[in-house]
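**Student:** Handing you this structure, nothing more for now.
The values are calculated or read from the model by the stated rules, or taken from the named source; none is laboratory data. Treat the numbers as computed from the prediction; the structure is a model and nothing was measured. Note: ideal-geometry Cβ built from the backbone for every residue, glycine included; neighbour counts use all protein chains shown. Heads up: the accessible areas ignore ligands, DNA and RNA and are worked out on the full protein's heavy atoms, side chains in. Shrake-Rupley method; radii C 1.70, N 1.55, O 1.52, S 1.80 Å.
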Amino acid sequence: IEIYSLHVDCKVTSRFAHTVITSRIVNRANESREATFEVEIPKTAFITNFSMSMDGEVYPGIIKEKAAAQNEYDTAVSQGQSAGLVKITDRKLEQFHVSVSVAAASKVTFELTYEELLKRQLGKYELLIKVQPKQLVKHFQIDVHIFEPQGIQFLETDSTFMTNELTEALTTVQNETKAHILFKPTLDQQKKNPELDETLLNGDFVVRYDVKREATAGDIQIVNGYFVHYFAPQEMPVFPKNVIFVIDRSGSMTGRKIEQTRDALLKILQDLRSEDHFSFITFNNKVVEWKSSLLPATEENVASAAALVQTLTARGGTDINGALLAAVGVLDKAEQLPQRSVSMIILLTDGQPTSGERSVEVIQKNVQKAINGKYALFCLGFGFDVSYKFLEKMALSNGGIARRIYENGDAALQLQGFYQEVATPILMQIELQYPENSIEGLTKNNFKLFFQGSEITVSGKISNDLDLLPVEIKAQSHTSNLTLKEEANVKEKEQMFQNQKYIFGNFIERLWAYLNIQQLLEEAISAQEEDQKALEAQALDLSLRYSFVTPLTSMVVTKPQQQEELANKPTEAG
């Protein structure tokens with residue numbers, strides 16, 4: 001079985017990435033063989049299309065509601081025959097896998113399309129392409145086209161498998177608003193050494209970039225009556241933080257996990273700013289407050305905290321409820337904190353509650369009642385024994401986010417990276433306002449916190465014939481209350497994309513649907529049951545209308561001989 005051509009074609013238009021992977025395979029044997037198409041795609045992406053072409057026939061994947069697809073599948077397939085086509089493989093990727101029997105000397109073409117909105121983190125967007133052909137490929141090519149009307153600030157490519165020879169196969173052409181990256185290694189360049197047919201191409205191919213930002217009130221782009229508004233203010237004073245680290249030291253954290261936690265905390269302590277206040281709570285079945293109040297992050301206090309971190313050992317049970325309520329208590333009674341500051345609790349745990357209150361529902365209620373909207377709660381789940389669903393619901397109900405920390409060599413870096421994302425809050429209570437009577441289907445437009453290096457994205461549909469789209473942004477910075485105003489000339493903005501050849505026409509509409517689905521699903525996590533159903537129904541409707549494989553839909557892939565398989569989108573919460 002030979003892959004004679006593999007092409008990854010990615011078009012990024014104003015942060016929205018549309019990627020098509022085409023693999024052409026021939027069976028050189030004189031009997032039929034199994035051909036496999038196996039690719040890893042970013043977890044944040046939604047598959048939108050898949051097809052197989054053999055002997056002049058095209059077998060398309062059809063996207064349906066999950067339950068309906070499952071019923072159909074169960075009837076078509078006797079139990080235990082074939083598993084799902086998509087599974088999570090690491091912290092950034094999931095794998096799509098399908099195989100089909102190919103007759104002697106026959107060919108098959110697989111084509112997979114997926115889309116995602118690139119998210120700005122720590123000042124850059126990252127496009128990740130996983131390269132793993134597992135064999136030498138005669139025609140191998142990656143094309144990345146980027147068009148950013150705001151202008152490209154910087155652009156870099158990075159790869160885990162580059163050699164000097166392979167670098168020669170990489171070209172980048174760039175002007176003010178566009179870039180084209182081409183990676184086209186010959187067979188010889190792909191080889192590990194000239195004698196063996198082993199490929200070097202195995203790992204990540206990453207493109208990172210950022211855009212230029214002029215206007216203070218962000219940038220608005222409009223196509224076919226849909227708009228997207230990007231807001232990422234620069235050079236603002238940073239809010240002082242009051243942060244409590246709540247660290248699990250129960251028995252299951254023994255060994256590698258507690259070591260990595262210690263390493264990460266020591267680095268994080270160094271990153272605290274002098275105007276920040278902080279404290280630690282460690283817990284197993286007992287909850288231990290390092291100090292009864294928050295301390296300013298002076299050199300002395302940081303050194304004393306580092307000494308405590310060095311002594312962290314793991315044993316005992318897990319009283320998550322007691323630890324979080326203690327953290328809220330410390331923040332509630334804190335005195336002499338900076339007038340305008342941001343208070344947050346960062347929980348790191350690797351297990352289920354086994355001491356104190358054990359019901360996750362009761363813990364969620366207790367914590368939400370205690371926090372009462374005053375502080376942000378971030379939950380980090382270490383490994384796969386945690387109930388991620390529980391942590392995610394708790395974080396989203398209290399203005400924070402949850403993250404799974406994968407147990408591998410770079411766990412300490414994952415923890416530090418997470419901290420860096422939330423270390424520099426520069427705005428709070430941000431509201432983006434648009435003319436109510438002329439915008440429909442507005443995505444989320446008010447945000448509790450904005451962290452330096454990230455970006456706020458709002459999208460909607462312009463309902464009547466507006467000539468000018470006015471925007472007003474209200475927010476609090478460390479020094480003042482801000483009001484920013486901007487207006488976009490609809491005709492002019494529409495013009496901007498008209499002349500771009502390689503752009504898929506309705507990309508802002510698809511971006512709007514993508515963003516909407518992501519937000520509805522996130523909102524559903526922390527909603528009451530009846531609201532949850534309504535939110536999921538809306539997300540399902542959009543997933544079907546725009547054909548996205550989301551956690552609510554499935555793609556039914558029919559093979560020759562009427563065999564059916566299902567592609568479902570996995571979620572971190574399982």
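**Student:** Using just the alpha carbons, could you tell me how many Å³ per residue the convex hull of region 1-126 encloses?
**Tutor:** Looking at region 1-126, the number lands at 141 Å³ per residue.
**Student:** What angle do you read, to the nearest 10 degrees and between 0 and 90, between the alpha-carbon axis of helix 388-397 and the longest principal axis of the chain?
**Tutor:** Here the helix axis deviates by roughly 60 degrees.
**Student:** Quickly estimate the mean residue ellipticity at 222 nm for the chain, helices only: each DSSP H run with n ≥ 4 gives -39500 (n - 2.57), and the total goes over all residues, rounded to 500.
**Tutor:** The helix contribution divided over the chain gives -7500 deg cm²/dmol.
**Student:** Tell me, what % of the accessible area of region 2-212 is carbon and sulfur with a 1.4 angstrom probe?
**Tutor:** 46
**Student:** What is the percent of Cα-Cα separations in region 125-180 that go past 15 Å?
**Tutor:** Every Cα pair in region 125-180 considered, those over 15 Å come to 59 percent.
**Student:** For region 241-423, give the magnitude of the charge dipole about the Cα centre (Cβ charges: +1 Lys/Arg, -1 Asp/Glu; no others), in debye to the nearest 20.
**Tutor:** Dipole magnitude for region 241-423 comes out near 380 debye.
**Student:** In nm, what is the difference between 0.36 nm times the number of residues separating Ala67 and Gln532 and their Cα-Cα distance?
**Tutor:** Difference between extended and current length: 165.7 nm.
**Student:** Something else about it: Using only the Cα atoms of the chain, each taken as one equal point scatterer with no solvent, compute I(q) by the Debye sum, divide by I(0), and report log10 of the ratio at q = 0.09, 0.10, 0.12 Å⁻¹.
**Tutor:** -0.79, -0.98, -1.34
**Student:** Also, quick follow-up: Identify the GluC sites (Glu not before Pro) of region 147-223 meeting these criteria: DSSP loop state and at most 16 other C-beta atoms within 10 Å of the C-beta.
**Tutor:** Glu168, Glu176, Glu195, Glu198, Glu214
**Student:** Multiply the residue gap between Ser292 and Glu168 by 0.36 nm, knock off their C-alpha separation, and tell me the result in nm, one decimal place.
**Tutor:** 38.7 nm
**Student:** Here is a follow-up. Which whole-number percent gives the relative contact order of the chain, counting Cα pairs below 8 Å spaced six or more residues apart?
**Tutor:** 17
**Student:** Okay, next question. Could you give the nm distance between label points at Lys365 and Glu487, where each point is 7 Å from its Cα heading toward the beta carbon?
**Tutor:** The modelled label-to-label distance comes out at 5.2 nm.
**Student:** Cα centroids of region 148-197 and region 254-276: how far apart, whole angstrom?
**Tutor:** With region 148-197 and region 254-276 each reduced to a Cα centre, they are spaced 36 Å.
**Student:** Measuring with a 1.4 Å probe in the full set of protein chains, what accessible area per residue, in whole Å², belongs to region 241-423?
**Tutor:** 41
**Student:** As a test of understanding, state the convex hull volume per residue of region 241-423 from its alpha carbons, in Å³.
**Tutor:** Normalising the Cα hull of region 241-423 by residue number yields 98 Å³.
**Student:** Let me ask you something else. Obtain the nm distance between the two label points defined at Ser101 and Ser463 by a simple spin-label model: each point lies 7 Å from its Cα along the Cα-to-C-beta direction.
**Tutor:** 5.6
**Student:** Let me ask something additional. Taking the Cα centroid of region 520-573 and of region 349-369, what is the distance between the two, rounded to the nearest whole Å?
**Tutor:** One Cα centre to the other: 29 Å.
**Student:** Assuming 0.36 nm per residue, please report the length gained on full extension of the stretch Arg28 to Leu93 beyond their Cα-Cα distance. List each step's numbers first, then the result.
**Tutor:** On the way: separation 65, 0.36 × 65 = 23.40 nm, distance 3.17 nm.
This chain segment gains 20.2 nm when fully extended.
**Student:** For region 460-574, what is the accessible area per residue in Å² when the probe is 1.4 Å?
**Tutor:** About 50 Å² of surface per residue is accessible.
**Student:** Right, something else. I need the chymotrypsin sites (Phe, Trp or Tyr not before Pro) found in region 280-310, filtered to DSSP loop residues with at most 11 other beta carbons within 10 Å of theirs.
**Tutor:** Nothing satisfies the criteria.
**Student:** Another one. Once neighbouring chains are kept in place and the probe is 1.4 Å, which whole percent of the accessible area of region 413-532 is contributed by carbon and sulfur? Present the calculation step by step, with values, prior to reporting the outcome.
**Tutor:** Details: 2520 of 5870 Å².
For region 413-532, the apolar C and S fraction of the accessible surface comes to 43 percent.
**Student:** Provide the three semi-axes, in whole Å and in decreasing order, of the ellipsoid equivalent to region 2-212 as defined by the square roots of 5 times the Cα gyration tensor eigenvalues.
**Tutor:** Square roots of five times the eigenvalues give 31, 24, 14 Å.
**Student:** What's the angle, to the nearest 10 degrees (0 to 90), between helix 320-332's Cα axis and the longest principal axis of the chain?
**Tutor:** Roughly 60 degrees between the two axes.
**Student:** Charges at C-beta only: +1 for Lys and Arg, -1 for Asp and Glu. How large is the resulting dipole of the chain about its Cα centre, in Debye rounded to 20?
**Tutor:** That gives a dipole near 760 debye.
**Student:** Something else about it: Which of the pairs Lys130/Lys257; Lys11/Lys393; Lys119/Lys178; Lys11/Lys569; Lys43/Lys286; Lys87/Lys119 have their Cα atoms more than 26 Å apart in this structure? Provide the component values of the computation, followed by the final result.
**Tutor:** Values: Lys130/Lys257 28 Å; Lys11/Lys393 34 Å; Lys119/Lys178 19 Å; Lys11/Lys569 22 Å; Lys43/Lys286 37 Å; Lys87/Lys119 22 Å.
Beyond 26 Å: Lys130/Lys257; Lys11/Lys393; Lys43/Lys286.
**Student:** Give the aspartates and glutamates whose C-alpha is closer than 17 Å to that of Lys485, dropping any in the same chain fewer than 8 places away, or say none.
**Tutor:** Glu214, Asp219, Glu431, Glu436, Asp467, Glu472
**Student:** Angle check, please: helix 411-422 long axis (alpha carbons) against the longest principal axis of the chain (alpha carbons), in degrees 0 to 90, nearest 10.
**Tutor:** So the helix axis and the longest Cα principal axis differ by about 70 degrees.
**Student:** If I model a spin label as a point 7 Å beyond the Cα along the Cα-Cβ vector, how far apart are those points for Glu494 and Glu407 in nm?
**Tutor:** In this crude label model, Glu494 to Glu407 measures out at 5.7 nm.
**Student:** Please list, by residue number, every one of the trypsin sites (Lys or Arg not before Pro) in region 275-371 that is coil in DSSP and has at most 10 other beta-carbon atoms within 10 Å.
**Tutor:** Details: sites: Lys286, Lys291, Arg315, Lys333, Arg340, Arg358, Lys365, Lys369; in loops: Lys286, Lys291, Arg315, Lys333, Arg340, Arg358.
Of the trypsin sites (Lys or Arg not before Pro), the ones in loops of region 275-371 whose Cβ has at most 10 other Cβ atoms within 10 Å are Lys333.
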